[in-house]
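Accompanying notes for the structure given below.
The values are calculated or read from the model by the stated rules, or taken from the named source; none is laboratory data. Just so it is clear, the structure is predicted and the values come from calculations on it, not from any experiment. Backbone-built Cβ (ideal geometry, glycine too); neighbour counts: all protein chains shown.
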Amino acid sequence: MQARGEWSSKIGFILAASGSAIGLGNIWRFPYIAGKNGGAAFVLIYLIIVVLIGLPYMLGELAIGRAAQRNPVGAIEAIRPRSPWKGVGYLGVLTGLGILSFYGVIAGWTVGYIFKMLSGNPGDFATFISDPVKVILLLAFFILITAGIVYGGVSGGIERWSKILMPLLFVLMLGLIIYANTLPGSGEGLKFYLMPDISKIDGSVLLAALGQAFFSLSLGMGLMITYGSYVTKSDDLFSSAGYIVLFDSLIALMAGLIIFPALFANHQSPEVGAKLVFVVLPEMFAHMSGGAVVGSLFFLLLSVAALTSTISLLEVPVAFVVDEKKISRKKVVWIVAFVAFLLGIPSALSQGANPFLTHFGLIPQRLSDPDFLSQMSFVFGDFSLALGALLLSIFIGWVWGADKAAAEIKQGSKTFGAFFKAWVFMMRYFIPVVIFIILLNLFGIFD
Ligand code: TRP
């Protein structure tokens, strides 16, 4: 990202924002959270939340960014100077670091699997992730590449490559959907994934779906404020956001269409948690002709998808420190990346390498698995994003003013006018109230 540039085109913006949104959240996190939360019932709630909360809320973040032309902290400061609202910007910066730390660990595993698949014998996943040296080196490697790209500017290579590699990921996934659904026993998986059992919906399912929606769409920590600040006034934010949400949901749904049929064909439990993708897919590739190459290619493309997300995660804290502390960008990138690496080490060691971190368990079992990585994923990937979105929606709806925000979105859009009033209502009432209730429920208020 340039100091204060503009996206070269509407398509450039949609691709960059989709690159941030589409990542491990869609292919690793969505299926495992769905598996733990009842399958199809979760998927249904997830899609409802994406349309009714994710999409309108995303427009709100984009509107602040384009109106203020600043990073999240600076944008809030410009709209309401010297107020405590700036804290929401700081929360976003902290959340970015928190997510990057555990995300880098999973991304490291993904890189590891490029080579493991190619070797023809991926071996045991649990053994692999409990090897402290390997997982820490892979984390360091992934953070290093991310930092290198953020350091050198996003616009060059990575944009060009992801334009080729992301459509390739899409095509490969289409092929894998067909393959997985022809396996004997896969029909049960499809049923689990697509036929909702409404009785499975409870408060923790709602929070999981809300958290996952924000995580997958890169919302709740000001990323879309930053990306919105590079959009020109003549662009249509409304239709752009529509495409981003569509692409992101499509990839997540497709991931489930591969994983659950393959899982049930293998007679495994959908509730295995964070390791789901890494256990189910290598097993599927092992029985496939040419599976070593296909599997290796799959993990390579997944690594690239993860990389376009970690770039955006690193960019938020970096842009903030550069703006506020006036330290040179080149120095800041390495400092922030190093902090994220250090913060990632306990997550890396929490998958068997260190017993204390593996059974950390500070947060109740009903909300998160006990290992440190899952707990980080809950605190930063669910809770902080929901809290950030609650505060930002109040800020947009009431402090800045939903009418002003809606006027900003309307500029450049031919179609948004028809939704103007509905959007104002959603931003002021519906979104903050729903998030607030779901958060209260988290503390067991309604038990
Ligand atoms: N959305 C990404 C994913 O699904 C993760 C991510 C990147 C993110 N940037 C973000 C999440 C900003 C929240 C906020 O993999």
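Surrounded by fewer than 24 Cβ atoms within 10 Å (Cβ to Cβ) and within 12 Å of the ligand (Cβ to nearest atom): is that true of residue 12 in this structure? The answer is no for residue 12.
Which ones in segment 314-333 are farther than 22 Å from residue 87 by Cα and loosely packed, with under 14 Cβ neighbours inside 10 Å? Of everything in segment 314-333, those that are farther than 22 Å from residue 87 by Cα and loosely packed, with under 14 Cβ neighbours inside 10 Å turn out to be 328, 330, 331. Among the residues of segment 281-293, the one identified as touching a Leu at 6+ places or on another chain (Cβ under 8 Å) and farther than 11 Å from residue 120 by Cα is 284. All conditions in (1) over 25 Å from residue 163 (Cβ atoms); (2) basic (Lys, Arg); (3) crowded, with 22+ Cβ neighbours inside 10 Å hold for residue 36, with the sole exception of (3). Across segment 281-334, which residue is nearest to the chain's Cα centre (by Cα) among those that are of a type in the set (Val, Ile, Thr) and modelled with pLDDT of 95 or more? Filtering segment 281-334 for residues that are of a type in the set (Val, Ile, Thr) and modelled with pLDDT of 95 or more, the one nearest to the chain's Cα centre (by Cα) comes out as 310. Just to be sure before I move on: is residue 248 surrounded by 17 or more Cβ atoms within 10 Å (Cβ to Cβ), charged (D, E, K, R), touching a residue at least 40 places away in the same chain (Cβ under 8 Å) and within 16 Å of the ligand (Cβ to nearest atom) in the structure I sent? Yes; evaluated as a whole, the condition is true for this residue. For segment 43-87, the candidate set comprises residues that are under 17 Å from residue 408 (Cα atoms) and of a type in the set (Gly, Ala, Ser); within that set, the residue that is surrounded by the fewest Cβ atoms within 10 Å (Cβ to Cβ) is 78. Of everything in segment 193-208 that is within 24 Å of residue 22 (Cβ to Cβ) and at pLDDT 95 or above, the residue that is farthest from the ligand (Cβ to nearest atom) is 194. Taking segment 217-262 as the range and being among the polar types (S, T, N, Q) and outside any loop (DSSP other than H, G, I, E, B) as the test, the residues that pass are 226, 239, 240, 249. Just name the residue that is surrounded by the fewest Cβ atoms within 10 Å (Cβ to Cβ) out of those in segment 170-197 that are aliphatic (A, V, I, L, M) and assigned to a loop (DSSP other than H, G, I, E, B). Of everything passing the filter in segment 170-197, 195 is surrounded by the fewest Cβ atoms within 10 Å (Cβ to Cβ).
Looking across segment 392-409, just one residue is of a type outside the set (A, V, I, L, M) and without any contact (Cβ under 8 Å) to a residue 12 or more places away in the chain, and that is 401. Which one is nearest to the ligand (Cβ to nearest atom) among residues in segment 20-36 that are over 10 Å from the mean Cα position of the chain (by Cα) and of a type in the set (Gly, Ala, Ser)? By that ranking, first place goes to 34.
Every condition in (1) farther than 21 Å from residue 211 by Cα; (2) in a helix (DSSP H, G or I); (3) under 24 Å from the mean Cα position of the chain (by Cα) holds for residue 439 except the one numbered (1). Of the residues in segment 102-113, at least one is touching a residue at least 60 places away in the same chain (Cβ under 8 Å), within 30 Å of residue 268 (Cα to Cα) and away from the ligand (no atom under 16 Å from the Cβ). Listed by first and then second residue, the pairs with beta-carbon distance under 7 Å, at least 6 apart or on different chains, first residue in segment 287-309 and buried (at least 18 other Cβ atoms within 10 Å of the Cβ), second of a type in the set (Gly, Ala, Ser) and not in a helix (DSSP H, G or I), are 292/120; 305/23; 306/23; 308/23; 309/23. Given the options 418, 402, name the one that is surrounded by fewer than 16 Cβ atoms within 10 Å (Cβ to Cβ) and either at pLDDT below 95 or in a helix (DSSP H, G or I) (or both). Answer to the check: 418. Looking across segment 368-391 at every residue that is within 10 Å of the ligand (Cβ to nearest atom) and of a type outside the set (A, V, I, L, M, F, W, C), the one that is nearest to residue 275 (Cα to Cα) is identified as 381.
Per-residue answers, yes or no, for (1) over 15 Å from residue 281 (Cβ atoms); (2) β-branched (Val, Ile, Thr); (3) buried (at least 17 other Cβ atoms within 10 Å of the Cβ):
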| residue | (1), (2), (3) |
| --- | --- |
| 138 | yes, no, yes |
| 148 | yes, no, no |
| 168 | yes, no, no |
| 205 | yes, yes, yes |
| 209 | yes, no, yes |
| 219 | yes, no, yes |
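Please list, ordered by first then second residue, the pairs with beta carbon atoms under 8 Å, 6 or more apart or interchain, first in segment 365-384 and among the charged types (D, E, K, R), second outside any helix (DSSP H, G or I). Final answer for the pair search is 371/350; 371/351; 371/359; 371/360. Scanning segment 215-245 for residues that are at negative phi and within 8 Å of the ligand (Cβ to nearest atom) yields a count of 6.
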